[in-house]
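All remarks here apply to the structure that follows.
The values are calculated or read from the model by the stated rules, or taken from the named source; none is laboratory data. All of these numbers come straight from a predicted model, not from anything done at the bench. When we count neighbours, we look across all protein chains shown, and the Cβ atoms used for this are built from the backbone with ideal geometry, even at glycine. These area figures cover heavy atoms from the full protein model, side chains too; ligands, DNA and RNA do not enter into them. Shrake-Rupley method; radii C 1.70, N 1.55, O 1.52, S 1.80 Å.
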Amino acid sequence: GENVEQHPSTLSVQEGDSAVIKCTYSDSASNYFPWYKQELGKRPQLIIDIRSNVGEKKDQRIAVTLNKTAKHFSLHITETQPEDSAVYFCAANSNYQLIWGAGTKLIIKP
Amino acid sequence: DVKVTQSSRYLVKRTGEKVFLECVQDMDHENMFWYRQDPGLGLRLIYFSYDVKMKEKGDIPEGYSVSREKKERFSLILESASTNQTSMYLCAIDSGSNTEAFFGQGTRLTVV
(Lines give C-alpha, C1' and ligand atoms only; values in the text may rest on other atoms or scores of the structure.)
Protein backbone atom coordinates (compact mmCIF):
# COMPACT_ATOMS: atom_id res chain seq x y z
CA GLY A 1 0.00 0.00 0.00
CA GLU A 2 0.90 3.65 -0.10
CA ASN A 3 3.09 5.08 2.63
CA VAL A 4 4.54 8.28 4.05
CA GLU A 5 7.97 8.31 5.66
CA GLN A 6 8.82 11.02 8.17
CA HIS A 7 12.22 12.04 9.57
CA PRO A 8 13.60 12.55 12.11
CA SER A 9 11.63 10.73 14.78
CA THR A 10 13.01 13.09 17.43
CA LEU A 11 14.41 16.58 16.94
CA SER A 12 15.98 18.69 19.66
CA VAL A 13 16.73 22.34 18.93
CA GLN A 14 17.80 25.36 20.93
CA GLU A 15 15.08 27.91 21.57
CA GLY A 16 15.25 30.52 18.84
CA ASP A 17 16.79 28.18 16.27
CA SER A 18 14.98 26.69 13.28
CA ALA A 19 13.53 23.20 12.98
CA VAL A 20 12.96 21.21 9.80
CA ILE A 21 10.94 18.01 9.50
CA LYS A 22 10.90 16.05 6.26
CA CYS A 23 8.42 13.64 4.68
CA THR A 24 8.35 11.57 1.53
CA TYR A 25 5.27 9.98 0.01
CA SER A 26 4.74 7.16 -2.45
CA ASP A 27 1.46 7.88 -4.26
CA SER A 28 2.12 10.11 -7.26
CA ALA A 29 -1.61 11.01 -7.29
CA SER A 30 -1.45 12.66 -3.84
CA ASN A 31 -2.36 16.34 -4.05
CA TYR A 32 -2.96 17.41 -0.44
CA PHE A 33 -0.31 17.50 2.29
CA PRO A 34 -1.32 18.63 5.78
CA TRP A 35 0.77 18.96 8.92
CA TYR A 36 -0.71 18.34 12.37
CA LYS A 37 0.63 19.26 15.78
CA GLN A 38 -0.17 17.19 18.86
CA GLU A 39 0.71 18.70 22.20
CA LEU A 40 1.11 16.39 25.16
CA GLY A 41 -2.23 14.96 26.22
CA LYS A 42 -4.14 16.75 23.48
CA ARG A 43 -5.66 15.87 20.12
CA PRO A 44 -3.82 16.47 16.82
CA GLN A 45 -4.68 19.79 15.20
CA LEU A 46 -3.99 21.10 11.72
CA ILE A 47 -1.31 23.79 11.65
CA ILE A 48 -0.68 24.19 7.93
CA ASP A 49 -1.38 22.39 4.67
CA ILE A 50 -0.27 22.64 1.06
CA ARG A 51 -1.84 21.54 -2.18
CA SER A 52 0.02 20.27 -5.20
CA ASN A 53 -0.54 23.42 -7.27
CA VAL A 54 1.91 25.43 -5.11
CA GLY A 55 5.49 24.83 -4.04
CA GLU A 56 5.55 26.76 -0.79
CA LYS A 57 3.18 28.16 1.80
CA LYS A 58 3.95 30.29 4.81
CA ASP A 59 2.03 31.26 7.95
CA GLN A 60 4.00 33.45 10.34
CA ARG A 61 6.82 31.27 11.75
CA ILE A 62 5.85 28.08 9.96
CA ALA A 63 6.24 27.20 6.31
CA VAL A 64 5.82 24.11 4.19
CA THR A 65 7.59 23.31 0.94
CA LEU A 66 6.59 20.70 -1.63
CA ASN A 67 8.65 19.04 -4.34
CA LYS A 68 6.24 16.92 -6.40
CA THR A 69 8.95 15.56 -8.64
CA ALA A 70 10.84 14.14 -5.70
CA LYS A 71 7.61 13.35 -3.80
CA HIS A 72 8.97 15.20 -0.83
CA PHE A 73 7.58 17.89 1.49
CA SER A 74 8.96 19.62 4.55
CA LEU A 75 7.83 21.65 7.55
CA HIS A 76 9.99 24.59 8.60
CA ILE A 77 9.60 26.34 11.95
CA THR A 78 11.69 29.46 12.52
CA GLU A 79 12.52 31.20 15.81
CA THR A 80 11.34 28.21 17.80
CA GLN A 81 9.63 28.83 21.12
CA PRO A 82 8.82 26.57 24.10
CA GLU A 83 5.21 26.24 22.93
CA ASP A 84 6.45 24.59 19.72
CA SER A 85 7.33 21.48 21.76
CA ALA A 86 4.99 18.75 20.49
CA VAL A 87 4.71 15.79 18.16
CA TYR A 88 4.27 16.78 14.52
CA PHE A 89 2.65 14.52 11.93
CA CYS A 90 2.75 14.88 8.17
CA ALA A 91 0.19 13.25 5.90
CA ALA A 92 -0.65 12.82 2.23
CA ASN A 93 -4.01 11.98 0.71
CA SER A 94 -4.33 8.71 -1.17
CA ASN A 95 -7.43 6.77 -2.24
CA TYR A 96 -9.85 9.04 -0.37
CA GLN A 97 -7.98 8.84 2.93
CA LEU A 98 -4.95 10.35 4.61
CA ILE A 99 -1.74 8.35 4.94
CA TRP A 100 0.19 9.48 7.99
CA GLY A 101 3.85 9.74 8.84
CA ALA A 102 5.05 8.18 12.08
CA GLY A 103 5.50 11.55 13.78
CA THR A 104 8.40 13.74 14.96
CA LYS A 105 8.83 14.69 18.59
CA LEU A 106 10.17 18.24 18.65
CA ILE A 107 11.97 19.28 21.82
CA ILE A 108 12.83 22.94 22.38
CA LYS A 109 15.81 23.39 24.72
CA PRO A 110 15.82 26.58 26.81
CA ASP B 1 -16.58 25.21 17.09
CA VAL B 2 -16.19 21.67 15.79
CA LYS B 3 -17.04 18.99 18.29
CA VAL B 4 -15.84 15.43 17.99
CA THR B 5 -16.54 13.70 21.26
CA GLN B 6 -15.34 10.30 22.36
CA SER B 7 -17.34 8.61 25.08
CA SER B 8 -14.46 7.94 27.47
CA ARG B 9 -11.07 9.51 28.13
CA TYR B 10 -9.69 6.53 30.03
CA LEU B 11 -10.91 2.94 30.05
CA VAL B 12 -9.64 -0.19 31.80
CA LYS B 13 -11.02 -3.53 30.63
CA ARG B 14 -10.25 -7.17 31.25
CA THR B 15 -8.95 -9.60 28.65
CA GLY B 16 -11.83 -11.19 26.78
CA GLU B 17 -14.32 -8.40 27.47
CA LYS B 18 -16.33 -6.81 24.68
CA VAL B 19 -15.45 -3.12 24.50
CA PHE B 20 -17.36 -0.29 22.85
CA LEU B 21 -15.74 3.03 22.00
CA GLU B 22 -18.14 5.70 20.84
CA CYS B 23 -17.51 8.77 18.73
CA VAL B 24 -20.07 11.51 18.09
CA GLN B 25 -19.69 14.53 15.80
CA ASP B 26 -21.75 17.69 15.39
CA MET B 27 -20.39 18.74 11.99
CA ASP B 28 -22.54 16.60 9.68
CA HIS B 29 -19.36 15.28 7.98
CA GLU B 30 -19.73 12.15 5.90
CA ASN B 31 -16.37 10.62 6.73
CA MET B 32 -15.46 9.17 10.10
CA PHE B 33 -12.30 7.31 11.06
CA TRP B 34 -10.90 5.26 13.91
CA TYR B 35 -7.15 5.36 14.46
CA ARG B 36 -4.88 3.70 16.90
CA GLN B 37 -1.87 5.71 18.16
CA ASP B 38 1.21 3.96 19.56
CA PRO B 39 4.62 5.58 20.25
CA GLY B 40 6.84 5.52 17.18
CA LEU B 41 4.10 4.11 14.96
CA GLY B 42 2.09 7.26 14.31
CA LEU B 43 -1.59 7.05 13.47
CA ARG B 44 -2.70 3.70 12.10
CA LEU B 45 -6.11 3.45 10.50
CA ILE B 46 -8.36 0.72 11.87
CA TYR B 47 -11.66 1.35 10.05
CA PHE B 48 -13.41 4.21 8.33
CA SER B 49 -16.88 5.02 7.10
CA TYR B 50 -18.12 7.23 4.28
CA ASP B 51 -21.79 6.96 5.05
CA VAL B 52 -24.38 5.46 7.32
CA LYS B 53 -24.15 1.65 7.47
CA MET B 54 -21.03 1.78 5.31
CA LYS B 55 -17.58 0.69 6.51
CA GLU B 56 -14.18 0.04 5.05
CA LYS B 57 -11.18 -1.74 6.56
CA GLY B 58 -8.09 0.28 7.22
CA ASP B 59 -4.56 -0.99 7.73
CA ILE B 60 -5.09 -2.88 11.01
CA PRO B 61 -8.72 -4.09 11.24
CA GLU B 62 -7.99 -7.45 12.87
CA GLY B 63 -9.69 -7.81 16.23
CA TYR B 64 -11.95 -4.81 15.66
CA SER B 65 -15.34 -4.10 14.11
CA VAL B 66 -17.34 -0.89 13.66
CA SER B 67 -20.90 0.30 13.48
CA ARG B 68 -22.41 3.41 11.96
CA GLU B 69 -26.18 3.40 12.36
CA LYS B 70 -26.49 7.19 12.38
CA LYS B 71 -24.47 9.77 10.50
CA GLU B 72 -23.17 11.47 13.63
CA ARG B 73 -22.08 8.35 15.50
CA PHE B 74 -19.29 5.88 14.74
CA SER B 75 -18.56 3.05 17.14
CA LEU B 76 -15.44 0.92 17.44
CA ILE B 77 -15.95 -2.54 18.91
CA LEU B 78 -13.34 -4.84 20.33
CA GLU B 79 -15.12 -8.20 20.25
CA SER B 80 -12.76 -9.84 22.74
CA ALA B 81 -10.21 -7.44 24.16
CA SER B 82 -6.59 -8.54 24.34
CA THR B 83 -3.58 -6.96 26.03
CA ASN B 84 -2.04 -6.03 22.67
CA GLN B 85 -5.01 -3.74 22.10
CA THR B 86 -3.86 -1.51 24.94
CA SER B 87 -3.41 1.82 23.17
CA MET B 88 -4.67 5.35 22.54
CA TYR B 89 -7.68 5.37 20.20
CA LEU B 90 -8.52 8.48 18.21
CA CYS B 91 -11.68 9.19 16.27
CA ALA B 92 -11.53 11.69 13.40
CA ILE B 93 -13.90 13.24 10.88
CA ASP B 94 -13.51 15.08 7.60
CA SER B 95 -15.55 16.05 4.56
CA GLY B 96 -13.02 14.74 2.04
CA SER B 97 -9.40 13.52 2.02
CA ASN B 98 -8.22 16.97 0.91
CA THR B 99 -9.91 18.82 3.78
CA GLU B 100 -9.07 19.41 7.41
CA ALA B 101 -9.54 16.46 9.73
CA PHE B 102 -10.91 17.02 13.23
CA PHE B 103 -10.03 14.66 16.03
CA GLY B 104 -11.70 13.57 19.21
CA GLN B 105 -9.83 13.89 22.49
CA GLY B 106 -8.77 10.26 22.45
CA THR B 107 -9.52 7.23 24.58
CA ARG B 108 -6.66 5.59 26.40
CA LEU B 109 -7.63 1.94 26.68
CA THR B 110 -5.80 -0.42 28.99
CA VAL B 111 -6.56 -4.13 28.75
CA VAL B 112 -5.44 -6.12 31.77
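What does the charge dipole of chain A about its Cα centre add up to, to the nearest 20 debye, if the Cβ of each Lys and Arg holds +1 and the Cβ of each Asp and Glu holds -1?
Roughly 140 debye, rounded to the nearest 20.
Pick from A:Gln14, A:Gln81, A:Gln97: which residue has the top mean-square fluctuation in a GNM of chain A where Cα pairs under 10 Å get a spring?
Between A:Gln14, A:Gln81, A:Gln97, it is A:Gln97 that shows the largest mean-square fluctuation.
Label point 7 Å out from B:Ser82 along Cα-to-Cβ: which residues of segment B:29-68 have amide N under 15 Å?
B:60-65
Given segment A:1-108 reduced to its alpha-carbon atoms as identical point scatterers, what log10 I(q)/I(0) does the Debye formula return at q = 0.12, 0.18 Å⁻¹?
-0.36, -0.82
How much accessible area is lost when chains A and B come together, counting both sides, with a 1.4 Å probe, in Å² rounded to the nearest 100?
1600 Å²
Could you tally up the Lys pairs in chain B with alpha carbons closer than 14 Å? Skip any pair fewer than 8 positions apart unless they're on separate chains.
4
With Cβ to Cβ distances under 10 Å as the rule, what net charge do the other residues near B:Thr107 carry (K, R +1; D, E -1)?
+1
What percent of all Cα-Cα pairs in the protein assembly as shown falls into each 10 Å bin, going from 0 up to the bin containing the maximum distance?
Binned Cα distances yield the sequence 8, 33, 35, 19, 5, 0.
Full-extension gain between B:Asp38 and B:Ser7, please, as 0.36 nm times their residue separation minus the C-alpha to C-alpha distance.
Here the segment from B:Asp38 to B:Ser7 would lengthen by 9.2 nm.
Loop only per DSSP, at most 10 neighbouring Cβ atoms within 10 Å: give me the GluC sites (Glu not before Pro) in segment B:48-112, ordered by residue number.
B:Glu62
How about segment A:37-60: which of its residues lose at least 50 Å² of accessible area in the presence of all protein chains relative to their chain isolated, using a 1.4 Å probe?
Those are A:Arg43, A:Pro44, which lose 50 Å² or more relative to the chain on its own.
Going through segment A:1-94, which GluC sites (Glu not before Pro) have at most 14 other Cβ atoms within 10 Å and a DSSP loop state?
Qualifying residues, ordered by number: A:Glu15, A:Glu39, A:Glu79.
Pick from A:Lys71, A:Lys57, A:Lys42: which is most flexible by mean-square fluctuation in a GNM of chain A where alpha carbon atoms under 10 Å apart are linked?
A:Lys42
Rank A:Tyr96, A:Tyr88, A:Tyr25 by mean-square fluctuation in a GNM of chain A with C-alpha springs under 10 angstrom and give only the top-ranked residue.
Checking each option, the largest mean-square fluctuation is seen for A:Tyr96.
Out of B:Thr107, B:Cys91, A:Ser26, whose Cα points farthest toward the positive end of the dipole of the protein assembly as shown (charges: +1 Lys, Arg; -1 Asp, Glu; placed on Cβ)?
So the residue we want is B:Thr107.
Which distance in nm do the two modelled labels at B:Glu69 and A:Arg61 give, with both placed 7 Å along the Cα-to-Cβ direction?
About 4.8 nm, to one decimal.
So if I restrict to the alpha-carbon atoms in segment B:17-58, what is the Rg, and what is Dmax, the biggest pairwise distance, in Å?
12.0, 33
How long are the three semi-axes of the equivalent ellipsoid for chain B, computed from the Cα gyration tensor as the root of 5 times each eigenvalue, in whole Å, largest first?
22, 14, 13
Can you compute the charge dipole magnitude of the protein assembly as shown about its Cα centre, using +1 on each Lys and Arg Cβ and -1 on each Asp and Glu Cβ, nothing else charged? Give it in debye, rounded to the nearest 20.
400 debye
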